[in-house]
Amino acid sequence: KLVCVTGASGFIASWLVKLLLEKGYTVKATVRDPNNPKKTEHLRGLPGADERLHLFKANLLEEGSFDSIVEGCDGVFHTASPFITKYTDPQAELIEPAVKGTLNVLTSCAKRPSIRRVVLTSSMAAVAYKRNAQTAGAVIDETWFSDPDFVRESQFWYVLSKTLAEESAWKVAKEHGIDMVTINPSMVIGPLLQPTLNTSAEFILNFINETFKNSTLGWVDVRDVVNAHILAFEVPSASGRHCLVDTVVHNSEVVKILRQLYPNIQLPEECADDKPYEPIYKVSKEKTKSLGVEFIPFEVSLKETVESLREKKFANF
Ligand code: NDP
């Protein structure tokens, strides 16, 4: 069982590589810089890595970069895509690597008949962003697609990168007859394996350090996300998209849970604005549960995220 994981040094991909190795897979893992120990040491140290983990250098923006790496693989997990909040040129730093990278990876896969299925790490960003979508009582499911015009107008550049990447992925998959399944998680938290701070863990850190914004977000644990990826590859009948959200809560609720967990730390008392709180919507779990995915409760993930941030010295309390 030989599979490829793109962007292996990232938060989600590191857990994916870990679980794949535990399950006996041999993993070809792509990283941008195999000589940077911060990006590779935690992977090389995983159980089974000595025998069954092979690291390769690849970049989303280089055409053909993945061509020879995916050769001989039974499956490809394409997770690499920038998830950053600080950028100067969203087109060059977010949209191009997301969209061109996805096309690059899928075009390489199209040339390799051994590949049975491609699992794409998409996002709820590609599902839930259209006008009047996130309203009280709405139940969002896999039939929803974000509207690129609305997202562009709103200048949600990361959301746009994921929306356009998934849209073009389906087009290429159809053109080349690739069996592709997508996993669409909301904000992903849980313990960090990598030594660097990823964006969604930073969101939790910001609750501790800053006034919280008046917004509502979905949350899911990284271990459920990687389990969903592997089930999406292994379950023959899996197809299409899979929303992956344990719970949707207003930021005020996150602060409330943090206050209960850590009564001694100073947490913001007030929301950044005094408008009515953004509404809570729901996201259907039905399709993802049918894959066999179970959900770690948000409170547990949140606690373990904070513990991990402390352990890695990102949180100093
Ligand atoms: P990380 O930032 O930890 O990982 C992103 C990965 O993408 C890194 O390995 C990074 O490589 C790689 N990457 C970025 N640009 C390039 C490039 N030009 N060429 C090659 N590799 C590149 O983020 P996450 O683990 O959170 O995200 C992984 C995936 O999950 C992404 O597709 C993201 O959109 C998606 N996702 C994440 C969610 C979350 O809340 N975390 C929610 C929903 C979806 P390098 O290490 O070299 O920078």
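Before moving on, here are some points about what is shown:
- Among the listed pairs Lys285/Lys313; Lys171/Lys303; Lys162/Lys287; Lys111/Lys282; Lys86/Lys282, those beyond 32 Å (Cα-Cα): Lys285/Lys313; Lys171/Lys303; Lys111/Lys282
- Value at 222 nm in deg cm²/dmol, rounded to 500, when DSSP H runs of n ≥ 4 in the chain each add -39,500 (n - 2.57): -11500 deg cm²/dmol
- Here the relative contact order of region 227-317, from alpha carbon pairs under 8 Å that lie six or more residues apart, stands at 42 percent.
- Gain upon complete extension [Thr135, Glu153; 0.36 nm per residue less C-alpha separation]: 4.6 nm
- Cross-link partners of Lys18 among lysines (Cα-Cα below 17 Å; sequence separation of 8 or more within a chain): Lys1, Lys28, Lys38, Lys39
- Highest mean packing first, where packing is the average number of other Cβ atoms within 10 Å per residue, the peptides 81-93, 162-174, 43-55, 105-117 line up as 162-174, 105-117, 43-55, 81-93.
- Distance between the C-alpha centres of region 62-111 and region 1-48: 16 Å, rounded to the whole angstrom.
- Close amide H partners of Arg116, meaning residues 5 or more places away or on another chain with modelled amide H under 5 Å apart, are Gly75.
- Between region 112-170 and region 197-231, the alpha-carbon center distance in angstrom: 17
- The length gained on full extension between Ile280 and Lys57, counted as 0.36 nm times the residue separation minus their Cα-Cα distance, comes to 76.1 nm.
- Antiparallel DSSP beta bridges within the chain, percent to nearest 5: 10
- Relative contact order [Cα under 8 Å, 6+ residues apart], the chain, whole percent: 18
- Note, ³J(HN,Hα) from phi for region 66-77, Karplus 6.51, -1.76, 1.60, rounded to Hz, x at Gly and Pro: 9, 3, 7, 5, 7, 4, x, 7, 8, x, 10, 9
- With a Förster radius of 22 Å applied to the beta-carbon distance between Phe145 and Arg259, the computed FRET efficiency rounds to 0.05.
We did not get these values from a lab; they are worked out from the coordinates using the rules stated. None of these values were measured; they are calculated from a predicted model. For neighbour counting, all protein chains shown are included, and Cβ atoms are generated from backbone atoms with ideal geometry for every residue, glycine included.
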